[in-house]
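Please read the structure below before turning to the comments.
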Amino acid sequence: MKKFKIIDFWISVLLIIIFLVLSIRNGDFTFIVGYIVVGYWQVTSMIVHALNHWFTKKGGVRRSYHWITFISLLTMPLGSYLILFFMAPVMAVYYTYLCYDEVYVQMQQRPISLLK
């Protein structure tokens with residue numbers, strides 16, 4: 001799990017940076033390709049997390065994020081494209097932060113610190 005999470009985090013970071021730089025450099029619609037590529041990667045990652053029950057405990061941040069994303073994807077055919085167009089970059093960066101927190105903060109805690 002830890003190896004997957006580290007790879008997942010760094011691929012998200014690299015994809016976001018690459019498409020941000022390409023979009024600025026090209027000055028065209030490269031960012032739309034970036035939306036699709038980063039979105040597919042992160043949705044695939046969320047599916048892997050959900051199927052393996054990694055960090056998806058009831059009431060957890062990741063589980064809430066999964067539901068928000070699922071509802072967003074379901075409402076797209078109803079015309080929420082414009083909202084999602086502006087929210088997608090924020091969601092992508094937040095998802096990457098979520099992965100960072102799980103790998104480099106939560107997984108590094110000593111077991112005694114997890115007791116509450």
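Condition first: aromatic (Phe, Trp, Tyr), assigned to a helix (DSSP H, G or I) and surrounded by 11 or more Cβ atoms within 10 Å (Cβ to Cβ). Can you find one or more residues in segment 48-70 that meet it? It would help to see each step written out before you state the result.
Filtering segment 48-70 for residues aromatic (Phe, Trp, Tyr) gives 54-55, 65, 67, 70.
The next check asks that each one be assigned to a helix (DSSP H, G or I); those that pass are 65, 67, 70.
Then drop every residue that is not surrounded by 11 or more Cβ atoms within 10 Å (Cβ to Cβ), which leaves 65, 70.
Checked against the condition, which is being aromatic (Phe, Trp, Tyr), assigned to a helix (DSSP H, G or I) and surrounded by 11 or more Cβ atoms within 10 Å (Cβ to Cβ), segment 48-70 yields at least one hit.
For segment 89-116, what are the residues that are at pLDDT below 85 and either polar (S, T, N, Q) or under 10 Å from the mean Cα position of the chain (by Cα) (or both)?
If the condition is that a residue be at pLDDT below 85 and either polar (S, T, N, Q) or under 10 Å from the mean Cα position of the chain (by Cα) (or both), then 106, 108, 109, 113 are the ones that fit.
From the list 4, 9, exactly one residue is surrounded by 17 or more Cβ atoms within 10 Å (Cβ to Cβ), part of a helix (DSSP H, G or I) and modelled with pLDDT under 95. Which is it?
9
What is the number of the single condition among (1) exposed (fewer than 13 other Cβ atoms within 10 Å of the Cβ); (2) assigned to a helix (DSSP H, G or I) that residue 87 does not meet?
Among (1) exposed (fewer than 13 other Cβ atoms within 10 Å of the Cβ); (2) assigned to a helix (DSSP H, G or I), the lone unmet condition for residue 87 is (1).
Would you mind telling me which numbered condition in (1) on the phi < 0 side of the Ramachandran plot; (2) surrounded by 13 or more Cβ atoms within 10 Å (Cβ to Cβ) residue 44 fails?
(2)
Filter segment 64-88 for residues that are within 19 Å of residue 45 (Cβ to Cβ) and of a type in the set (S, T, N, Q); which is modelled with the lowest pLDDT?
72
May I ask you to list pairs of residues, at least six apart or on different chains, whose Cβ atoms are under 7 Å apart, with the first in segment 47-63 being among the small types (Gly, Ala, Ser) and the second being outside any helix (DSSP H, G or I)?
Listed by first residue and then by second, the contacts come to 50/56.
State which residue is farthest from residue 84 (Cα to Cα) when the search covers only segment 12-35 and only residues that are in a helix (DSSP H, G or I) and modelled with pLDDT under 90.
Of everything passing the filter in segment 12-35, 30 is farthest from residue 84 (Cα to Cα).
The values are calculated or read from the model by the stated rules, or taken from the named source; none is laboratory data. Nothing here was measured: the structure is a model prediction, and the numbers come from that model. Counting neighbours? That spans all protein chains shown, and the Cβs are built from the backbone with ideal geometry, glycine included.
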